[in-house]
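Here's the structure, in structure tokens; my notes come after.
The values are calculated or read from the model by the stated rules, or taken from the named source; none is laboratory data. Keep in mind that what you see is a predicted model, and the values were worked out from it rather than measured. With ideal geometry, Cβ positions are generated from the backbone for all residues, glycine too; neighbour counts draw on all protein chains shown.
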Number of protein chains: 2
Amino acid sequence: MYIMIMAGGVGKRFWPRSRKDRPKQLLDIVSDQSMLRLTYERMKKIAEEKKIYIIAGQNLAEVINREIPELPERNLIIEPSGKNTAPCIGLAATTIIQKDPNAVMGIFPADHLITDIRAFKKAVNQGVQFARDHVALVTFGISPTRPATGYGYIQVNTKEPAHKDNIFKVKTFAEKPNLATAQRFLASGEFLWNSGMFIWKAENILNAMKLFMPEMYESLQQIGMAIDSPKYQTVLKKQWATIHNNSIDYGVMEKAKNVYVVRANFDWSDVGSWDAVYELQKKDKNGNVLIGEIVPIDTENSYIYSRKNLIAAIGVRDLIVIQSKNSLLIVHRNESERVKDLVDLLERKDFSDHL
Amino acid sequence: MYIMIMAGGVGKRFWPRSRKDRPKQLLDIVSDQSMLRLTYERMKKIAEEKKIYIIAGQNLAEVINREIPELPERNLIIEPSGKNTAPCIGLAATTIIQKDPNAVMGIFPADHLITDIRAFKKAVNQGVQFARDHVALVTFGISPTRPATGYGYIQVNTKEPAHKDNIFKVKTFAEKPNLATAQRFLASGEFLWNSGMFIWKAENILNAMKLFMPEMYESLQQIGMAIDSPKYQTVLKKQWATIHNNSIDYGVMEKAKNVYVVRANFDWSDVGSWDAVYELQKKDKNGNVLIGEIVPIDTENSYIYSRKNLIAAIGVRDLIVIQSKNSLLIVHRNESERVKDLVDLLERKDFSDHL
């Protein structure tokens with residue numbers, strides 16, 4: 001089994017710690033190790049190291065090499081630019097199939113948190129077996145523990161497992177719901193969180209791309225033929241420029257008929273915002289997470305981070321405060337999704353020293 | 001008339017901008033000039049420059065000279081250490097009376113804000129005239145415009161002016177009231193805000209000190225005899241060490257029988273907290289005061305100051321945020337009085353680099 005760690009994200013929601021040259025997956029936001037390192041270590045438990053690949057943009061190559069120095073040079077696949085998950089996975093599959101036409105590959109984002117390795121390993125093994133034996137696109141659905149509105153959902157018919165008790169044919173994908181809908185999803189027992197992790201034969205995902213994204217498939221074919229030749233970079237750049245941004249969900253998964261989901265019970269978070277980071281951390285008796293030289297007075301349920309300045313807080317409730325380099329963010333915990341909008345605003349206003 | 005600007009305060013409530021070597025009165029918190037400069041300019045409108053003195057601790061001598069370079073060297077009176085207002089005023093009176101036994105002196109804190117110079121000048125002139133003609137300790141009471149709980153009050157019998165319509169004998173001094181009491185004070189029409197500004201003959205305040213603070217008076221006599229002699233510094237230090245901390249209100253004003261108040265109508269603020277600064281400033285349409293590189297999203301009724309870092313705020317309400325040097329303060333507007341407690345805590349915890 002080949003592993004492809006997608007490490008190309010930007011992670012705008014983690015500004016001001018995430019910057020253009022150090023996105024979320026390279027930050028130690030959930031432990032004292034970077035999310036990429038945590039993911040790499042997790043993958044070492046389920047695959048041989050030489051079969052673990054990382055795919056990311058050129059701008060991150062150096063920092064990834066520093067973060068995972070043991071990664072063989074050939075195991076870092078470079079995207080000329082970020083084009084969302086479909087082209088990324090297409091390039092990964094095109095690269096892997098050159099090495100092994102029968103390769104089964106797992107796709108895992110670098111910036112998700114999973115701590116129950118045993119349950120993770122069990123679910124992955126089930127997925128690998130199913131993907132090896134079937135013309136199937138296998139995704140992972142997490143049994144929801146609360147009516148989360150920040151995740152997409154996958155609907156299955158729980159009464160008809162496709163394989164053993166744990167693998168189901170996907171009925172529909174559902175967008176992030178509102179709270180009432182999320183509560184209905186949870187109550188029905190038919191919905192799982194869409195984790196964005198996949199397992200399939202490289203051959204099968206490329207065939208699905210041929211069917212649903214034929215232009216991209218054609219470009220990928222050109223790129224594939226150039227692999228290991230001197231003109232690879234030239235062909236890659238030329239073809240990549242013609243490929244449209246698209247997510248694997250929109251581009252393939254929601255259209256394909258042969259999509260299956262492994263129902264998994266491991267703890268999982270996509271760590272999608274500063275508030276999610278707050279929720280994942282151990283709090284002190286006032287419900288605070290305080291990192292760095294922080295002096296709180298009458299301050300509750302807040303996340304305050306500073307490696308530089310002293311931060312004193314008086315009478316503060318439900319805030320996230322992040323000091324990093326030349327910038328400081330103060331955001332109400334309920335609003336932490338909007339940090340992305342803020343970064344977009346900073347881009348428009350040309351605050352390039354702060355991005 | 002001699003003017004004594006008391007510039008010796010610490011201004012802990014303005015941390016992290018106020019520091020040991022740059023207290024509140026040296027900060028440009030209410031305009032683009034320091035409060036000391038604003039006060040000095042105001043005093044130039046009512047007295048000759050050579051008769052304007054500043055009194056402060058040795059640690060502030062250099063920064064005061066830089067702030068008011070035109071101040072004659074002899075017009076800066078140095079307190080060996082801060083001992084509250086009674087010793088400060090005692091030393092000032094002792095110094096002035098050496099120059100002019102009949103001197104009338106006005107005492108003005110360096111850190112109050114008054115913008116209506118005309119009304120101020122009128123009230124001071126009334127006070128000077130009364131203090132010249134009577135054995136009277138004259139204070140200034142501001143006609144209250146709201147039931148403020150942050151000020152002390154002075155009660156007078158409004159039906160019996162002691163002089164013209166505007167000068168009254170003081171009945172009592174009242175401590176900072178709670179809201180209900182402040183509302184009663186306001187409704188009665190008998191209470192004025194205690195501004196902490198005074199006018200009297202140097203002779204009369206020293207006589208009051210002789211009566212109510214005889215030990216301090218004795219020390220001041222020793223100091224007075226040494227003025228202009230080579231042993232002045234030695235005597236000052238020795239005597240000063242024996243003087244107890246005390247405020248002029250507790251030490252003299254609340255005990256003396258000859259206390260009068262000029263009822264003044266000028267705008268006045270003692271600028272007692274960051275929230276007071278916020279209240280004094282012009283707000284934008286969201287009720288914010290934003291100074292420096294500040295990027296607000298959905299942020300209201302807040303004061304955010306940074307000359308260094310960019311500060312982004314999302315979903316923030318009623319906060320004061322101050323970035324200064326190596327420290328950042330975040331305090332709810334209702335809690336800004338407690339910044340003083342915070343500074344005390346930092347002192348106890350030996351955060352000396354931040355004080």
Exercise for the section: Search the stretch A:5-43 for residues being surrounded by fewer than 22 Cβ atoms within 10 Å (Cβ to Cβ) and free of Cβ contacts under 8 Å to residues at least 24 places away in the same chain, and hand back the single one that is nearest to the other protein chains (Cβ to nearest Cβ). Expected result: A:Leu27
Practice task
Kindly indicate whether any position in the stretch A:167-175 is touching a strand residue (DSSP E or B) at 6+ places or on another chain (Cβ under 6 Å), assigned to a strand (DSSP E or B) and under 21 Å from A:Ser273 (Cβ atoms).
Solution key: yes
Practice task
Can you give me the number of residues within the stretch B:125-141 that are under 18 Å from B:Asn194 (Cβ atoms) and part of a helix (DSSP H, G or I)?
Solution key: 4
Handout entry: Checking A:Met225 against (1) among the aliphatic types (A, V, I, L, M); (2) surrounded by fewer than 15 Cβ atoms within 10 Å (Cβ to Cβ); (3) more than 25 Å from A:Leu137 (Cα to Cα), the condition it does not meet
Key = (3)
Handout entry: Given (1) more than 14 Å from chain A (Cβ to nearest Cβ); (2) of a type in the set (A, V, I, L, M); (3) buried (at least 16 other Cβ atoms within 10 Å of the Cβ), index of the condition B:Ala241 fails
Key = (3)
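Given the stretch A:258-355, what strands (runs of 3 or more DSSP E) lie entirely inside it while holding 3 or more residues that are more than 7 Å from chain B (Cβ to nearest Cβ)?
Correct list: A:259-264, A:289-297, A:303-314, A:319-324.
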Exercise for the section: Among what's in the stretch B:142-151 and is exposed (fewer than 15 other Cβ atoms within 10 Å of the Cβ) and out of contact with any Pro (no Cβ under 7 Å at 6 or more places or on another chain), pick the residue that is nearest to B:Ile199 (Cα to Cα). Expected result: B:Ser143
Handout entry: Criterion violated by B:Leu290 - all others in (1) farther than 30 Å from B:Asn166 by Cα; (2) not assigned by TED's automatic domain parsing to the domain that holds B:Arg338 satisfied
Key = (2)
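Name every residue in the stretch B:108-121 that is crowded, with 24+ Cβ neighbours inside 10 Å and under 18 Å from B:Leu137 (Cβ atoms), in order of residue number. Can you show your working first?
Our first condition is that a residue be crowded, with 24+ Cβ neighbours inside 10 Å; within the stretch B:108-121, this holds for B:108, B:110-111.
Residue satisfying the conditions is B:Phe108 alone.
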